[in-house]
Amino acid sequence: MEKMQCLAAFLLATSAAFTRASPVNVPECTLEPLTKDHGVKVFYTTSRVANGCTSQGPTDPSLEVHLLFLRFSSPSELFSLQINVSASAEKANRRSMFVVSSNAYVHLTVNTEGCHLTFITTTRCMVQGANIETQQTNLSSSSEELLQQTKKDHGGISSFAELENPRQIHFHLDGEPSSNQDCVPEKNFNADPYLEFEVASDNVKGCPSSSGNPQKEAHIVWLQQDPQGSSPQSVDLNIEQNCDEGEPENQLPTLLVLKSHTGVTWNIGQMFDSLKFLVSGKYTMKKFGAVQMPGVDLPDSKEGLLAESRSKEFAFVASYTEITSAKSITLKLERVCGRQATPVTEKPQMEGVSLESFMQGLITTWKPWRCLDSGIEITLAKDYLRQALFENVTKVTDVTLQDRSCKATDNNTHFILRSKLRECSTYLERDVVVKNQLVFSLHLLPGEIMVPFECDLPEKVFLQLYPSPDFGSEPTTVVEVNKATYVQVQFRTTDLRAQLQIEDCSLQTADKTSSQLLIGGGKPLSYSATFLDSPSSTISRFSFVYKSGEEQWAASPATLLCKLHLHSQLHGDHYNETSLEMTFKTSSTPSHSLGIGTVLGITFGAFLIGVLLTAALWYIYSHTHIPGPMAKMQPVAENPPASESSSTNHSIGSTQSTPCSTSSMA
Ligand SMILES: *[C@@H]1O[C@H](CO)[C@@H](O)[C@H](O)[C@H]1NC(C)=O
């Protein structure tokens with residue numbers, strides 16, 4: 001009851017405003033195309049495509065092939081758009097292929113609901129999204145040629161649609177295949193219900209120069225679609241006012257003129273208080289629920305509609321838009337709110353996407369980087385950058401990594417950047433994923449554009465020796481005799497489920513004439529080889545103790561050779577061999593297992609010293625006549641070269657009599 005009273009009051013107020021209206025002395029409105037600076041944008045969704053058809057599809061009945069040709073009225077610009085593809089559960093197993101071509105550079109983001117799709121696109125079109133396979137190729141830039149080519153390639157086609165200025169596309173794969181034998185394009189084709197897309201009208205006009213400081217404004221929308229038999233048509237209409245800051249302060253009195261054939265019902269969404277409207281057909285307003293109200297008769301011409309607006313004292317037409325077909329229409333009005341707009345240099349914007357995110361998409365699709373053990377290499381063709389991105393907009397002046405001191409060189413045709421793996425703020429995740437970002441500086445534009453990237457180091461096997469069981473110190477190539485040596489074999493891969501197993505490991509002499517198995521058939525065999533706990537499935541660890549005397553190659557370098565069994569998603573099951581050159585080192589602390597040669601050497605040395613000492617003593621004794629020679633000789637004998645603690649008590653007498661007794665020292 002209250003609602004109806006409210007509605008009546010509203011209608012009264014509206015009509016009262018209009019009955020008071022009389023033509024006033026304001027300049028005539030001459031329509032001219034609006035630019036984006038005028039702050040009015042008109043978006044609409046429709047299933048009417050410029051050209052389109054359906055047919056029974058390719059010869060392979062499990063395959064659907066849909067051809068989309070995206071035509072933009074300003075092909076030198078960059079576009080970014082989204083395509084949402086949905087399929088019912090029973091269709092999810094069918095293979096669906098989209099062939100997409102465009103007359104402009106396009107970055108396409110695909111959202112799918114679980115269906116797996118293949119996208120074949122031109123090189124001008126970059127596709128990103130989960131669950132999709134992409135393939136870039138040269139496709140004809142004529143939609144007619146492309147249609148014939150696609151039919152030939154797949155023995156038929158499921159659907160074809162040429163879309164003008166799309167911003168977002170919704171595609172439903174649920175429908176039954178068409179019964180048409182052949183896909184023969186029709187102009188203004190109705191692709192309902194499988195295809196709907198959002199368009200920014202490129203046909204918005206207005207008369208901005210007819211009024212210096214308008215106190216009120218009119219927006220006129222003429223929906224020109226024909227009645228579809230007797231079926232009711234409805235259109236959703238929304239107005240959005242956007243402020244770059246805060247709320248619109250003074251809401252301009254605004255008149256909305258909505259013209260259509262009389263069978264259309266306009267569903268008008270949320271709106272602001274100062275809005276009045278003239279509607280043909282019928283309309284509902286969200287604020288009054290589902291109550292349908294009758295509209296008024298409006299003229300069937302542009303001049304008539306302008307005159308109608310003028311007659312209601314809204315001579316300033318801020319926008320006039322003709323739309324051939326729509327399911328919903330949105331007017332977006334940019335308002336200056338609260339403060340005076342100050343001119344700012346802004347990065348060029350594309351429809352709904354910043355230059356930054358466009359570049360991120362583009363560069364991420366190109367992948368101009370290579371990550372190797374030797375470092376990161378980035379090569380960017382300047383031609384490619386210019387054509388694809390900045391033609392007529394700006395150009396790249398500098399490219400660096402996150403660390404701005406790591407700068408690309410410019411050889412006239414390419415930007416080339418090389419850096420070592422652990423420099424230039426490069427982050428290495430799990431020792432295999434290399435992360436950094438490219439920083440682009442642009443001519444005449446403030447700020448920088450960052451494009452984070454990561455790339456994987458190639459799969460590789462590492463064999464390393466460590467002196468301690470914590471595997472924490474620097475790897476070594478020296479094996480200490482009689483001490484445990486710790487061996488780690490690591491399979492570097494991004495695949496978290498990859499596996500490594502040691503099959504065999506053996507020690508070989510450098511000339512490969514002699515070898516000894518440490519591990520055979522995955523089991524420890526000799527040199528006290530023992531498997532150790534490993535931190536992951538891609539690392540295997542064991543230790544062994546090399547004892548001298550078992551083999552006689554202690555002096556020469558040797559090789560540790562391991563045969564491995566690897567498994568990764570990328571390469572499946574495979575075998576690999578890895579080896580490491582190493583040398584042996586005898587422990588510096590003495591032990592009871594010194595080689596027999598060493599023992600003999602020491603013995604002979606001691607014997608020789610004994611003989612020489614004896615000779616020297618006899619010489620001294622025979623040339624001096626000091627009595628009690630024993631007392632004099634004692635200090636000399638205290639310092640024999642084989643300085644064992646037991647030798648200090650040896651008397652010269654015993655040395656003289658039994659020189660070979662020193663052998664007990666060994
Ligand atoms: C610049 O470097 C790229 C990549 O290494 C190379 O292909 C190209 O030929 C070079 N251009 C000139 C002019 O040397």
Given 0.36 nm per residue, what is the gain on full extension from SER441 to GLN56 after removing their alpha carbon distance, in nm?
133.5 nm
Among the lysines, which fall within straight-line cross-link reach of LYS382, defined as a Cα-Cα distance under 16 Å, with same-chain neighbours fewer than 8 residues apart omitted?
LYS367, LYS395, LYS407
Relative contact order for the stretch 460-585: what is it in percent, counting Cα pairs under 8 Å that are at least 6 residues apart?
29 percent
Place a point 7 Å from the Cα of ASN138 along the Cα-to-Cβ direction; which residues of the stretch 52-90 have their backbone N under 11 Å from it?
none
Can you return the aspartates and glutamates within cross-link range of LYS152? Criterion is Cα-Cα under 18 Å, with same-chain partners fewer than 8 residues away left out.
ASP60, GLU64, GLU144, ASP182
Looking at this model, which pairs from LYS420/LYS460; LYS216/LYS282; LYS276/LYS332; LYS151/LYS327; LYS523/LYS585 are more than 23 angstrom apart at the alpha-carbon?
LYS216/LYS282; LYS151/LYS327; LYS523/LYS585
Computed D for the stretch 401-513, Stokes-Einstein, Kirkwood radius over alpha-carbon pairs, 20 °C, 1.002 mPa s, to the nearest µm² per second, is 117 µm²/s
Extension length gain for ASP403 and ALA307 (0.36 nm per residue less Cα distance), in nm, is 28.3 nm
With the crude spin-label approximation of a point 7 Å out along Cα→Cβ, what separation in nm comes out for ASN411 versus HIS261?
6.5 nm
What distance in nm lies between label points placed 7 Å from Cα along the C-beta direction at ASN188 and PHE531?
7.6 nm
Determine, for MET271, MET285, the number of other Cβ atoms within 10 Å of each Cβ, and report the residues in order from fewest to most.
MET271, MET285
Under a 5 Å amide H to amide H cut-off, with H placed in plane at 1.01 Å, what residues pair with TYR194 once short-range neighbours are removed?
none
Percent relative contact order of the stretch 368-456, based on C-alpha pairs within less than 8 angstrom and at least six residues apart?
29 percent
When a footprinting reagent is the concern and you count Cβ atoms within 10 Å, what order do ILE416, ILE323 take, fewest first?
ILE416, ILE323
Which order results if HIS565, HIS443, HIS219 are arranged by neighbouring Cβ count within 10 Å, fewest first?
HIS443, HIS565, HIS219
Using only Cα positions of the stretch 48-191, each an equal point scatterer, no hydration layer, compute I(q)/I(0) via Debye at q = 0.16 Å⁻¹ and quote the log10 values to two decimals.
-0.80
FRET efficiency for GLU322 and ARG497, using Cβ-Cβ distance with R0 set to 60 Å, rounded to 0.05
0.55
At what distance in nm do the modelled label points of SER425 and SER274 sit from each other, each positioned 7 Å from its Cα along Cα→Cβ?
4.7 nm
Three semi-axes of the equivalent ellipsoid, the stretch 368-456, Cα gyration tensor, whole Å, largest first:
24, 13, 11
Report the full-extension gain for the segment THR364 to HIS571: residue separation times 0.36 nm, less the Cα-Cα distance, to one decimal in nm.
72.1 nm
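Read-outs throughout are calculated quantities, based only on the coordinates presented, and are distinct from any laboratory measurement. Every value quoted in this text rests on a predicted model; they were computed, and no experiment measured them. In this analysis, Cβ positions are derived from the backbone assuming ideal geometry, glycine residues included, and neighbour counts consider all displayed protein chains.
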